[in-house]
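Engineer: Following this message is one structure expressed as structure tokens.
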Amino acid sequence: ATERTLSIIKPDAVAKNAIGEIIARFEKAGLQVVAAKMVHLSDEKAGGFYAEHKERPFFKDLVGFMTSGPVVVQVLEGEGAIAKNRDLMGATNPKEAAPGTIRADFAETIDANAVHGSDSAESAEREIGYFFGNDEICPR
Ligand code: CMP
């Protein structure tokens, strides 16, 4: 089925000037960018996005990293978009990410891991609504 998923190009990948190469991978895999914006997240916005990790030991570092520079937030649309995006990204820890995945090619550490992608339909719905209003999404 056609799905939507939320993708974030994280501060490390933006700093490497890899925005275009990462979006090209989404497009070449048949996903369409139907919404996009660049933002420098506040502590509050980043913390709210990752609220499910609030009690985890890495939460403070995660928020610190995600607010360290601008990010590019996008809604990707396509057949099986949620799983497809996760396949393109590779494992959360770049050291475990399969060759040819975005994290294997662009990321160094589990914190600075280049991209975020929604992990389920429920997360996708929440995460898209967290960043975009309906009038900011442009299906083609
Ligand atoms: P992301 O998919 O954005 O979701 C939460 C982020 O927390 C994850 O990518 C990692 O960058 C970061 N993180 C840091 N340490 C861990 C860990 N031990 N387990 C999972 N995520 C971690």
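Engineer: Test ALA36 against the stated conditions and say whether it is without any contact (Cβ under 8 Å) to a residue 40 or more places away in the chain and within 22 Å of GLU136 (Cβ to Cβ). Please lay out each step first, then the result.
Structural biologist: Numbers: without any contact (Cβ under 8 Å) to a residue 40 or more places away in the chain: yes; within 22 Å of GLU136 (Cβ to Cβ): yes.
The answer is yes for ALA36.
Engineer: Within the group ILE19, ILE8, which residue is within 14 Å of the chain's Cα centre (by Cα) and over 19 Å from ARG126 (Cβ atoms)? First the steps, then the outcome.
Structural biologist: Numbers: ILE8 fails: over 19 Å from ARG126 (Cβ atoms).
Answer to the check: ILE19.
Engineer: For region 96-124, enumerate the residues that are of a type in the set (D, E, K, R) and touching a residue at least 12 places away in the same chain (Cβ under 8 Å).
Structural biologist: If we filter region 96-124 for residues that are of a type in the set (D, E, K, R), which is where we start, we get 96, 103, 105, 108, 111, 119, 122.
Hits for region 96-124 are ARG103, GLU108, ASP111, ASP119.
Any read-out appearing in this document is the output of simple, stated calculations on the displayed coordinates, not a laboratory observation. Fair warning: this is a prediction, and the values are worked out from it, not measured in the lab. Counting neighbours? That spans all protein chains shown, and the Cβs are built from the backbone with ideal geometry, glycine included.
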